Amino acid sequence: MNKKGSLGLVFIVMIASLAIAAFWDSLPFIKNSVNAVLNPTAGTLLNFNLTLGMTVLVLLLSVLMTLIRKYTTDQKTLREMKEEQKKLQGDMKKLEVGSKEHTEMSMKSMKFILPMFKLGMKPIIYTAIPFILFFRWFTDYFALIDFRFFGFLSWFWFYLLGSIIFSSILNKVLKVV
């Protein structure tokens, strides 16, 4: 992949991920293989204590995602682009909305969106398929039990909120853009 990033491989990985999710139940070898790996590992952790086990899994997955994002993206370029965009937005606040200068700066600021998006998508190449497999496994695991975290959160919402919290902390500690 070039320095500017590419979406072609990301698109292929996303299609493969969707195919895996779609064929989870109809191709038993996919489900059985994942169960053979995750039941004795993540399953044992969840069987020990659902809330603590899920918290540990969310933390581990967040650490993994953060490290992958840190080392598969060009952090220096992303940081520079973000700083330039922040500077432009600061300058734009000083201008009258709708003025020629404001419009020009707004257009200049928008030029950063696609390159930043492309650079930021690279980690998906490495994480999409494993995460789809994990999520399908979680769906099957929690379908067998009637459990709500803290009495009201499904596994998905617990995962989502936990990953947002852990990822925010990890991004600051590890200085990930």
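The values are calculated or read from the model by the stated rules, or taken from the named source; none is laboratory data. Please read all numbers here as calculations on a predicted model, not as lab measurements. Positions of Cβ are generated from backbone atoms using ideal geometry, with glycine treated the same way; all protein chains shown enter the neighbour counts. What goes into the accessible areas is simple: the full protein's heavy atoms, side chains included, and nothing from ligands, DNA or RNA. Shrake-Rupley method; radii C 1.70, N 1.55, O 1.52, S 1.80 Å.
Listed by position, the helices (runs of 4 or more DSSP H) inside the range 64-177 whose residues that are farther than 27 Å from Ala19 by Cα, in contact with a Leu (Cβ under 9 Å, 6 or more places away or on another chain) and acidic (Asp, Glu) number at least 1 are 100-110. Would you pick out the residues in the range 37-49 that are closer than 20 Å to Ile129 by Cβ and either buried (at least 17 other Cβ atoms within 10 Å of the Cβ) or touching a His at 6+ places or on another chain (Cβ under 8 Å) (or both)? Result: Leu38, Ala42. Scanning the range 88-144 for residues that are among the charged types (D, E, K, R) and modelled with pLDDT of 90 or more, which turns out surrounded by the fewest Cβ atoms within 10 Å (Cβ to Cβ)? It comes out as Asp140.
Listed by first and then second residue, the pairs with beta-carbon distance under 8 Å, at least 6 apart or on different chains, first residue in the range 158-177 and within 22 Å of Thr72 (Cβ to Cβ), second crowded, with 18+ Cβ neighbours inside 10 Å and among the basic types (Lys, Arg), are Val176/Arg69. If you check Val13, Val63, Val34 for being within 22 Å of the chain's Cα centre (by Cα), open to solvent by less than 70 Å² (accessible area, probe 1.4 Å) and over 30 Å from Phe147 (Cβ atoms), only one passes: Val13.
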